[in-house]
Amino acid sequence: MALTDILDQIKKETEEKMKELDTQHAKKLSKLDDEFAAKMKNAELLMDEAVTENSKKILNKMTTHAKMEAKNKLLSEKRELMDVVFEAALKELAHSDNYKGLLVGLLKHGGLTGEGITVCPAKGKEEETRAAISESGKDYNMSDESLNIKGGFVLKSEKIEIDNSFESILNKQLRSDLELEVAKSLFS
């Protein structure tokens, strides 16, 4: 065989090897592209699922927060309405046709006995208070000092002071007992 035939044979075998390597390379490259595309698709699905899950969590949190805010707002408005009701009751007591009778009842059950007990009336209610002291049969002195309260009075002795203002009686003594009944009437 001649040298040219040997060189042609080597060249032919090299070209065949190159074609085979190119084909193998193309197959491997195609396989890698397919694997990459599948991984990308899988990653996109996972990201979509994560976004959907996080969106649901955020939506649930927002819904829960909105419900809590609405409930707090409702409770606040109910509290304000209760305050209005108790303020109206206080005003009604202070302007009652039986104001003097209310004072007489408080004076009779005032709990202070002895000498030197003074009654400090509500401002503008001095005459009704003086008449109530007289009608109660108590030996209390009427103070020259009127208090800035809506109704009732304050009993004072040297050692004790009893707040019988309508504000104190209604808001501090009776409100906790009455709130449930008033709430049932208003909100049921």
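The values are calculated or read from the model by the stated rules, or taken from the named source; none is laboratory data. Quantities reported herein were computed from a predicted structural model and do not represent experimental measurements. So basically every Cβ, Gly included, is an ideal-geometry build from the backbone, and we count neighbours across all protein chains shown.
Just a few scattered comments:
- Identity of the residue in segment 127-146, small (G, A, S) and part of a loop (DSSP other than H, G, I, E, B), that ends up nearest to A94 (Cα to Cα): S146
Here is a yes/no grid of residues against (1) loosely packed, with under 10 Cβ neighbours inside 10 Å; (2) in contact with a Leu (Cβ under 7 Å, 6 or more places away or on another chain); (3) aromatic (F, W, Y):
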{"site": "K67", "(1), (2), (3)": "no, no, no"}
{"site": "N72", "(1), (2), (3)": "no, no, no"}
{"site": "L90", "(1), (2), (3)": "no, yes, no"}
{"site": "A94", "(1), (2), (3)": "no, no, no"}
{"site": "G101", "(1), (2), (3)": "no, no, no"}
{"site": "V104", "(1), (2), (3)": "no, no, no"}
{"site": "H109", "(1), (2), (3)": "yes, no, no"}
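- Any hit, segment 129-152, residues being among the acidic types (D, E) and closer than 15 Å to S165 by Cβ: yes
- Among residues that are in contact (Cβ under 8 Å) with a residue 24 or more places away in the chain and either in a helix (DSSP H, G or I) or not assigned by TED's automatic domain parsing to the domain that holds L74 (or both), A88 is not included.
- Exactly one residue out of K11, K17, K78 is of a type outside the set (A, V, I, L, M, F, W, C), in contact (Cβ under 8 Å) with a residue 12 or more places away in the chain, outside the structural domain of S165 (by TED's automatic domain parsing) and not in a strand (DSSP E or B): that is K78.
- Lone qualifier among D83, D22 - being more than 23 Å from S176 (Cα to Cα), free of Cβ contacts under 8 Å to residues at least 24 places away in the same chain and among the acidic types (D, E): D22
A quick yes/no check of all residues on (1) over 40 Å from the mean Cα position of the chain (by Cα); (2) closer than 30 Å to K78 by Cβ; (3) outside the structural domain of L75 (by TED's automatic domain parsing):
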| position | (1), (2), (3) |
| --- | --- |
| L102 | no, yes, yes |
| K125 | yes, no, yes |
| V154 | no, no, yes |
| S157 | yes, no, yes |
| N164 | no, yes, yes |
| S168 | no, yes, yes |
| L180 | no, yes, yes |
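- Criterion: closer than 30 Å to D177 by Cβ and within 60 Å of the chain's Cα centre (by Cα) - qualifying residue of K73, K39: K73
- Pairs with Cβ under 7 Å, 6+ apart, first in segment 101-130 and among the charged types (D, E, K, R), second exposed (fewer than 12 other Cβ atoms within 10 Å of the Cβ) and modelled with pLDDT of 90 or more: K123/N148
- Identity of the residue in segment 153-188, assigned to a helix (DSSP H, G or I) and among the charged types (D, E, K, R), that ends up farthest from H109 (Cα to Cα): K184
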